[in-house]
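Student: Pasting a structure here, questions to come.
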């Protein structure tokens with residue numbers, strides 16, 4: 001379910017599965033050994049990296065596409081995850097393709 005859809009939130013999944021937020025987190029961790037929040041963030045960052053590499057979308061458009069309301073929040077999250085700014089990631093990935 002998570003793999004086959006665009007990035008979503010824990011609350012959206014909980015609502016769709018008719019579970020409380022906390023119960024969904026507990027069940028997911030119990031069954032998989034993985035924190036659902038970390039998995040969703042990983043999926044979001046992988047999608048952002050793909051969009052940076054394969055598209056000419058602006059950073060703000062990519063932030064919106066992966067579920068961030070503010071591009072500044074997206075940039076901070078991306079830098080934490082990849083240890084570099086989205087613009088630098090884009091430039092380096094394009095140089096590697098050339």
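The values are calculated or read from the model by the stated rules, or taken from the named source; none is laboratory data. Keep in mind the model is a prediction, meaning the values are calculated, not measured. Cβ atoms come from the backbone with ideal geometry, glycine included; neighbour counts cover every protein chain shown.
Student: If we keep just the residues of region 66-84 that are part of a helix (DSSP H, G or I) and in contact (Cβ under 8 Å) with a residue 24 or more places away in the chain, which is nearest to residue 97 (Cα to Cα)?
Tutor: Kept after step one, since they are part of a helix (DSSP H, G or I), are these residues of region 66-84: 71-82.
Filter again for in contact (Cβ under 8 Å) with a residue 24 or more places away in the chain, leaving 74, 77-78, 81-82.
Values: 74: 25, 77: 25, 78: 21, 81: 22, 82: 19 Å.
The residue in question is 82.
Student: Being in a helix (DSSP H, G or I), surrounded by 13 or more Cβ atoms within 10 Å (Cβ to Cβ), out of contact with any strand residue (DSSP E or B) (no Cβ under 7 Å at 6 or more places or on another chain) and without any contact (Cβ under 8 Å) to a residue 60 or more places away in the chain is true for just one of 94, 90. Which residue is that?
Tutor: Working: 94 fails: surrounded by 13 or more Cβ atoms within 10 Å (Cβ to Cβ).
From the options 94, 90, the qualifying one is 90.
Student: Counting only residues that are surrounded by 16 or more Cβ atoms within 10 Å (Cβ to Cβ) and at pLDDT 95 or above, which one in region 48-65 is farthest from residue 97 (Cα to Cα)?
Tutor: Within region 48-65, the subset surrounded by 16 or more Cβ atoms within 10 Å (Cβ to Cβ) is 48-49, 51-52, 59, 62-63, 65.
The next check asks that each one be at pLDDT 95 or above; those that pass are 48-49, 51-52, 59, 62-63.
Values: 48: 18, 49: 14, 51: 15, 52: 13, 59: 20, 62: 20, 63: 23 Å.
Checking each candidate, the answer is 63.
Student: Which ones in region 24-41 are without any contact (Cβ under 8 Å) to a residue 24 or more places away in the chain, surrounded by 12 or more Cβ atoms within 10 Å (Cβ to Cβ) and either out of contact with any helix residue (DSSP H, G or I) (no Cβ under 7 Å at 6 or more places or on another chain) or in a helix (DSSP H, G or I) (or both)?
Tutor: Our first condition is that a residue be without any contact (Cβ under 8 Å) to a residue 24 or more places away in the chain; within region 24-41, this holds for 24-35, 38.
Then drop every residue that is not surrounded by 12 or more Cβ atoms within 10 Å (Cβ to Cβ), which leaves 24-29, 35.
Residues satisfying the conditions are 24, 25, 26, 27, 28, 29.
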